[in-house]
Amino acid sequence: MISKLHKPKLSTVQIINMSIGFLGIQTGFALQNGNASRILQTFGADVEHLSLFWLAAPITGMIVQPIIGYYSDRTWNKFGRRKPYFLIGAILTAIALILMPNAALFTAILPPLLIGAGMLTIMDASINVTMEPFRALVADNLPSSQRSLGFSIQTFIIGSGAVIGSWLPYVLTHYLGVDGTAAEGVIPPNVIYSFYCGAGILLLSILWTVLSTKEYSPDQLASFEDTALEVETIAKHRSGLFAIVDDFRTMPKTMKQLGLVQFFSWFALFMMWVYTTPAIAEHIFYLKDGDKSKLYMDAANWVGVLFGIYNAVSAIYALFLAKIAAKFGRKQTHAFSLIMGGLGLISIFIIKDPNLLIIPMIGIGLAWGSILAMPYAILSDSLPAKKMGVYMGIFNFFITFPQIVCGFFGGYMIKIFFDSNSVYGILLAGVFMLLGALSVLRIKDKI
């Protein structure tokens, strides 16, 4: 038997360079999360239908990520293995970021609501093309002993990008004097310019990673691979969709166990992203007298600040995640984090002062930081290196499926059971986050 080489450790600077592209990806993702509901409602979407429009993200992710993962596993040229995919995805995402808030300009073709939803779909597909290879790149380049650190650094960078994206509209209005209001049916200038800034940040950060990071060739990865993880299946005799289906059928047990955790976690996150803006606007800001249109924009801008806070917490938390997981175990760390997130979401229901909403963002930030790191750290140790990309893409199914379920049924649940009171969607999200914490304890993990 040919002996396998140990994969060399990378320096902290190398890990940062490898992950810096996520700064731009998450800036764009945060702009979408914080403003898509506002944009769609401006174009005429009802609260109970918002989750249906948001289905663009999980559906495109479910389709795109396994395909990109499959082909990136089999790509090797002068540009690299993963890098060609996230570079192309970044260019497409930047175009979508520029077009989405300007959907009203294309009203001669289609109603702005449909165009806005279409831009949301294009943006999501492009982000997924960019995002999936980044997950695989960390697992490709790092030995098992550094993967918790690698995903933690990646989470820190993700959190930093999300802070930038979440706070851009607020900063442009309150510190740079950009108008944050607009006529009915028109997107405010601060949102439009925020999306332009996000497009620029995305392209620059992706180029940084492309130019500063080297990739191992498939032969080099094979020489590093742990023979205990070298699992061959019938998929080696097939190609394309058949191979993806076979890989899905023969996925490692750890991935199946993580699937339930991901279902609860991402159902909760989807509810939070879709309904936080209308929930806070209705539950807190609409209790005041005055111009409700202006109050809604104030609420939406404040939600951007709150989202930035939970992302900042997740970024800071990520710096300590590797050490915490090494001491207490990865699944225990993840369970604790999800409990904090669940309690944070539930507490929003009883808070009446918008300034006090900062407190639940701390718990949500702990959960988000762990969700972005711990499942991937646990999963990567159970995957064969030759199929790291496709399995990371397949794992995205456990992220997208709960969002699709929530998208189809979440809005109707709120309409039928809660009289279209969207704050109950946030309460339900908290309950699902707690269920996710309970399901973590079933996982068998090496650490």
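The values are calculated or read from the model by the stated rules, or taken from the named source; none is laboratory data. All values derive from a computational prediction rather than experimental measurement. Heads up, the Cβs are rebuilt from the backbone with ideal geometry, glycines too, and the neighbour counts pull from every protein chain shown.
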- [ ] Could you grab me the full set of residues in region 362-374 that are buried (at least 22 other Cβ atoms within 10 Å of the Cβ) and assigned to a helix (DSSP H, G or I)?
- [x] GLY363, ILE364, GLY365, LEU366, ALA367, TRP368, GLY369, SER370, ILE371, MET374
TODO: Can you tell me which residue among SER347, SER337 is within 19 Å of the chain's Cα centre (by Cα) and either assigned to a helix (DSSP H, G or I) or touching a residue at least 60 places away in the same chain (Cβ under 8 Å) (or both)?
DONE: SER337
- [ ] Test ASN17 against the stated conditions and say whether it is among the polar types (S, T, N, Q), part of a helix (DSSP H, G or I), touching a residue at least 40 places away in the same chain (Cβ under 8 Å) and under 26 Å from SER145 (Cβ atoms).
- [x] yes
Open item on the list: Just to be sure I understand, how many residues within region 187-222 are touching a strand residue (DSSP E or B) at 6+ places or on another chain (Cβ under 6 Å) and in a helix (DSSP H, G or I)?
Closed with: 0
Open item on the list: Exactly one of these conditions fails for ASP179: (1) of a type in the set (D, E, K, R); (2) free of Cβ contacts under 8 Å to residues at least 24 places away in the same chain; (3) assigned to a helix (DSSP H, G or I). Give me its number.
Closed with: (3)
TODO: Under 7 Å between Cβ atoms, at least 6 apart or on separate chains: pull out the pairs that start in region 73-85 with a residue that is under 7 Å from GLU215 (Cβ atoms) and end on any residue that is among the hydrophobic types (A, V, I, L, M, F, W, C) and surrounded by fewer than 23 Cβ atoms within 10 Å (Cβ to Cβ).
DONE: LYS83/VAL210
Task: Enumeration of residues in region 307-321 that are over 16 Å from GLN26 (Cα atoms) and surrounded by 22 or more Cβ atoms within 10 Å (Cβ to Cβ) - done: TYR317, LEU321
Task: Residue pairs meeting the criteria (Cβ under 6 Å; at least 6 apart or on separate chains; first closer than 20 Å to MET361 by Cα, in region 315-326; second buried (at least 24 other Cβ atoms within 10 Å of the Cβ) and hydroxyl-bearing (Ser, Thr, Tyr)) - done: ALA318/SER152; ALA318/THR155; LEU321/SER152
Open item on the list: Against the conditions (1) at pLDDT below 75; (2) surrounded by fewer than 17 Cβ atoms within 10 Å (Cβ to Cβ); (3) of a type outside the set (Phe, Trp, Tyr), where does ILE244 fall short? Just the number, please.
Closed with: (2)
Task: Residue ID - nearest to VAL274 (Cα to Cα), chosen from residues in region 36-64 that are at pLDDT 75 or above, under 15 Å from the mean Cα position of the chain (by Cα) and not hydrophobic (A, V, I, L, M, F, W, C) - done: PRO58
TODO: State all residues of region 305-334 that are of a type outside the set (A, V, I, L, M, F, W, C) and part of a helix (DSSP H, G or I); if no residue qualifies, say none.
DONE: GLY308, TYR310, ASN311, SER314, TYR317, LYS323, LYS327, ARG330, LYS331, GLN332, THR333, HIS334
TODO: State whether one or more residues within region 101-109 are buried (at least 24 other Cβ atoms within 10 Å of the Cβ) and of a type outside the set (D, E, K, R).
DONE: yes
TODO: Taking only region 323-339 into account, find how many residues are more than 26 Å from TYR391 (Cα to Cα) and buried (at least 24 other Cβ atoms within 10 Å of the Cβ).
DONE: 0
Task: Test result for PHE328, in contact with a His (Cβ under 9 Å, 6 or more places away or on another chain) and either of a type in the set (A, V, I, L, M, F, W, C) or over 20 Å from ALA437 (Cα atoms) (or both) - done: no
Open item on the list: Looking only at region 86-108, count every residue that is within 13 Å of TYR196 (Cα to Cα) and free of Cβ contacts under 8 Å to residues at least 24 places away in the same chain and tell me the total.
Closed with: 1
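Results for (1) aromatic (Phe, Trp, Tyr); (2) modelled with pLDDT under 70; (3) under 30 Å from ASN35 (Cα atoms); (4) surrounded by fewer than 16 Cβ atoms within 10 Å (Cβ to Cβ), shown as yes or no for each residue.
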site: THR227; (1), (2), (3), (4): no, yes, no, yes
site: MET251; (1), (2), (3), (4): no, no, no, no
site: MET255; (1), (2), (3), (4): no, no, no, no
site: PHE264; (1), (2), (3), (4): yes, no, yes, no
site: PHE270; (1), (2), (3), (4): yes, no, yes, no
site: HIS283; (1), (2), (3), (4): no, no, yes, no
site: LYS288; (1), (2), (3), (4): no, yes, yes, yes
site: MET297; (1), (2), (3), (4): no, no, yes, no
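Yes or no, residue by residue, for (1) touching a helix residue (DSSP H, G or I) at 6+ places or on another chain (Cβ under 8 Å); (2) closer than 22 Å to ARG82 by Cβ:
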site: LYS331; (1), (2): yes, no
site: SER337; (1), (2): yes, no
site: ASP353; (1), (2): no, no
site: PRO375; (1), (2): yes, yes
site: SER380; (1), (2): yes, yes
- [ ] Determine the pairs where a residue that is closer than 21 Å to VAL313 by Cβ and aromatic (Phe, Trp, Tyr), located within region 128-155, has a partner that is in a helix (DSSP H, G or I) and modelled with pLDDT of 75 or more with Cβ atoms under 7 Å apart, the partner being 6 or more residues away or on another chain.
- [x] PHE151/VAL138; PHE151/TYR376; PHE151/ALA377
Open item on the list: Exactly one condition in (1) under 16 Å from PHE151 (Cα atoms); (2) surrounded by fewer than 19 Cβ atoms within 10 Å (Cβ to Cβ); (3) not basic (Lys, Arg) is false for ASP353; which is it?
Closed with: (1)
- [ ] Filter region 365-417 for residues that are modelled with pLDDT under 85 and hydroxyl-bearing (Ser, Thr, Tyr) and give the result.
- [x] TYR376, SER380, SER382, TYR391, THR400, TYR412
- [ ] Give GLN146, GLN154 a once-over and let me know the one that is over 19 Å from GLY69 (Cα atoms) and modelled with pLDDT of 80 or more.
- [x] GLN146
